[in-house]
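Colleague: Quick one: structure below, then a few questions.
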Amino acid sequence: MDSNDLLQQELALEQAHVDAAYERLEVMRAQAESVRSAYSDVRQGGTHQARLERDIAVEVTVRRLADLEIGTSPLVFGRLDLRAEHTDDQGRDDETTWYIGRLAVDDAEHTPIVIDWRAPIAEPFYRATAVEPMNVVRRRHFLTKGGREITGIDDEVFDAAASEAAGHQVAGEGALLAALDRHRTGRMGDIVATIQAEQDEAIRSDLQGVILVTGGPGTGKTAVALHRAAYLLYTHRRHLASRGVLLVGPSTVFLRYIEQVLPSLGESDVQLATIATLKPQLGATHLDTPEVAAIKSLPEMASIIEKAVADRERVLHQDVSFMIDGMRVRFSREDSARVVRGARRQKGTHNERRRYVVRRASDILVSNYKQAASRTYQRDRADRDRGQDQLGDDFGIGRGATVDSLVGRAITRGERLPDGYEAELATRLRRYPQVKEMLERMWPVLSGAELINDLFGFRALVNSAATKYLNDDEREALHRPRISELADVSWTVADVALVDEADALLGPVEAALPRRTRRSGGDQNALESAQRVIENFDIGHFTNASDIAARYGEPSQGIEELAELRTFGHILVDEAQDLSPMQWRMLARRCPSGSFTIVGDLGQASNPGAAQQWET
């Protein structure tokens, strides 16, 4: 039999195995579809637990069907012939054969037909070398057409004697060279079958810490990052299932280019985003001039924003007084200083501490009201004693006093006030326009967008916050006309990280409301708000409405604010050389564990303000 006949025989044998794998894949799809249909036919009645279990089963089945839908991508990449660590009855080395592919496929008896490329046993398919063969006798790559039809075989032999003893037929011209010679399209193709040892080492690195993948154009950096995302989700499914993985790319065009890669690798639990789309409510599409973008990228901007927040936590310049119940109540500058000092000592974000400011100021106002009421009572009593007024009633209150001034007698005599009187009084005091304005001057409720809009819109604010860090020209470059309506602000891409920094210091606007106010509306409103978050931001793969409502549970909280609370178990950053220090801070807040895969080439950096070296 000549070499061509031997090759055709090998092709036929491997094609038979691939055909069997596809047949079994169809069976697995049919089984998953029948499960989904069965659950879809079940009525929505039953207990809450039964409905929850039914919903979970449907979701899992739908995801399973998505995983099994591979389109025209090849199911099987190749074959590993391994020398086992023991011998057979005749003393010969035993041999194990595994077929490596896109996802795991087994037969009716659960015997593996195809091994998932991310499984530990598949590691030698990518990492075996002549120096470190990893017990591989022969590694065989398949070249396919349309995914199903094997058109070529490429073999690498690591143990010639063992391969010959096993009767292996060797063929091929190099799988990697063949893969590089294929036609390229507008979307990144599948290179999982040709990952090389160094790339595979990066892909299978531990989840913790930072992995840096560098190299020139066309060296496969992005492919390594995408395969690492798929590998981490496969290997650390329990850890990452609820936390998710975020992939940050340089542009939406780039994301469209790679959007089909991860599903083709068997994973759809990765959120794709650019820096700008991490805060979609800003709609940031504009670009600053290079000079202004470089200023906004400086790490000192974090200190400037922190100072800008502190500048909005201020003591009143003068006393505030107003008439209530015929009496004048004052809130002095010293009262204001006590409140602001106390608030600055509290834990939490700016908006969270607003609750302390309101509560403490209300206590002082109630106390001042009671003092005014006591003075009014004593004055009226003195007037009566001097005969300037006739006896008004059994309480001895003069005719000029109001009904609420009756509390003056109880206060003066040390008597107990009616239940709920002080709480109702505090609420009534807070409704006065002078009190509302006073609280806003001392400790305004702010969003990050409002703070940055004000900071750049008023020269006095940017000068106060940035004089220590920026020169006159740099501060003037940041100034732009303030827009009264935030919806009309033309945010730039460089603004996004600054707004995010401000949001981190300020906290959600909702945090300033009393807890009982935030919880009004019931659990159903919270669930509806959470469901809108999932639908609008496409995070259904990472969490569910019940978890969001239970964790954040504020029905009046905006969709954007809920989504901004999202953090991830791992973040991959492509074209990382163009990110600024402020943008890195933005990403770090979204991954508290510090688990990153960073991909880039400093030689290709083009954005103003980008970091000059990886250590920075």
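The values are calculated or read from the model by the stated rules, or taken from the named source; none is laboratory data. If you're wondering where the values come from, they're calculated on a predicted model, not measured in any experiment. With ideal geometry, Cβ positions are generated from the backbone for all residues, glycine too; neighbour counts draw on all protein chains shown. Side chains included, ligands, DNA and RNA excluded: accessible areas come from the protein's heavy atoms. Shrake-Rupley method; radii C 1.70, N 1.55, O 1.52, S 1.80 Å.
Colleague: With the requirement that a residue be crowded, with 24+ Cβ neighbours inside 10 Å and either at pLDDT below 80 or among the β-branched types (Val, Ile, Thr) (or both), what does the stretch 217-229 give you?
Modeller: Val224
Colleague: Right, something else. At pLDDT 85 or above, more than 33 Å from the chain's Cα centre (by Cα) and open to solvent by 70 Å² or more (accessible area, probe 1.4 Å): does that describe Glu422?
Modeller: In short, yes.
Colleague: When the stretch 211-249 is examined, which residues are found to be more than 14 Å from Gly569 (Cβ to Cβ), among the β-branched types (Val, Ile, Thr) and either assigned to a helix (DSSP H, G or I) or within 19 Å of the chain's Cα centre (by Cα) (or both)?
Modeller: Scanning the stretch 211-249 gives Thr222, Val224, Val248.
Colleague: Turning to a different aspect of this structure: When you look at Arg328, is it surrounded by fewer than 18 Cβ atoms within 10 Å (Cβ to Cβ), farther than 30 Å from Arg480 by Cα and of a type in the set (Lys, Arg), yes or no?
Modeller: yes
Colleague: Let me ask something else. Residues to consider are Arg118, Arg127; find the one that is modelled with pLDDT under 85 and open to solvent by 40 Å² or more (accessible area, probe 1.4 Å).
Modeller: Arg127
Colleague: Return the residue satisfying two criteria in turn: it lies in the stretch 231-284 and is open to solvent by less than 60 Å² (accessible area, probe 1.4 Å), of a type in the set (Ser, Thr, Tyr) and modelled with pLDDT under 75, and of such residues it is farthest from Val493 (Cα to Cα).
Modeller: That would be Ser264.
Colleague: Out of Asp473, Asp495, I need the residue that is closer than 17 Å to Pro290 by Cβ and more than 32 Å from the chain's Cα centre (by Cα). Which one?
Modeller: Asp473
Colleague: Look at the stretch 563-595 and say how many of its residues are hydrophobic (A, V, I, L, M, F, W, C) and either within 18 Å of Phe254 (Cα to Cα) or not in a helix (DSSP H, G or I) (or both).
Modeller: Final tally of qualifying residues: 8.
Colleague: Something else now. Any residue that is in contact (Cβ under 8 Å) with a residue 40 or more places away in the chain, open to solvent by 60 Å² or more (accessible area, probe 1.4 Å) and part of a loop (DSSP other than H, G, I, E, B) - is there at least one of those in the stretch 596-614?
Modeller: Scanning the stretch 596-614 turns up at least one residue that is in contact (Cβ under 8 Å) with a residue 40 or more places away in the chain, open to solvent by 60 Å² or more (accessible area, probe 1.4 Å) and part of a loop (DSSP other than H, G, I, E, B).
Colleague: Every residue in the stretch 572-593 that is over 22 Å from Gly218 (Cα atoms), among the aliphatic types (A, V, I, L, M) and open to solvent by less than 10 Å² (accessible area, probe 1.4 Å), please.
Modeller: Selection gives Met582, Met586, Leu587.
Colleague: Six or more apart or on different chains, Cβ under 6 Å: which pairs go from a residue in the stretch 452-470 that's open to solvent by less than 60 Å² (accessible area, probe 1.4 Å) to one that's part of a loop (DSSP other than H, G, I, E, B)? Could you list them?
Modeller: Asn453/Val489; Phe456/Arg480; Gly457/Arg482
Colleague: Any residue in the stretch 552-563 that is at pLDDT below 90 and under 30 Å from Ala223 (Cα atoms)?
Modeller: yes
Colleague: Suppose we filter the stretch 477-490 for residues that are in a helix (DSSP H, G or I) and in contact (Cβ under 8 Å) with a residue 12 or more places away in the chain; how many remain?
Modeller: Number of matching residues: 3.
Colleague: If you take the residues of the stretch 103-156 that are among the aliphatic types (A, V, I, L, M) and assigned to a helix (DSSP H, G or I), which of them is nearest to Gly78 (Cα to Cα)?
Modeller: Among residues in the stretch 103-156 that are among the aliphatic types (A, V, I, L, M) and assigned to a helix (DSSP H, G or I), the one nearest to Gly78 (Cα to Cα) is Ala122.
Colleague: Pull out all pairs, ordered by first then second residue, where Cβ-Cβ is under 8 Å, the residues are six or more apart or on different chains, the first lies in the stretch 415-438 and is within 13 Å of Asn368 (Cβ to Cβ), and the second is part of a loop (DSSP other than H, G, I, E, B) and open to solvent by less than 50 Å² (accessible area, probe 1.4 Å).
Modeller: From the stretch 415-438, the pairs are Met438/Leu316.
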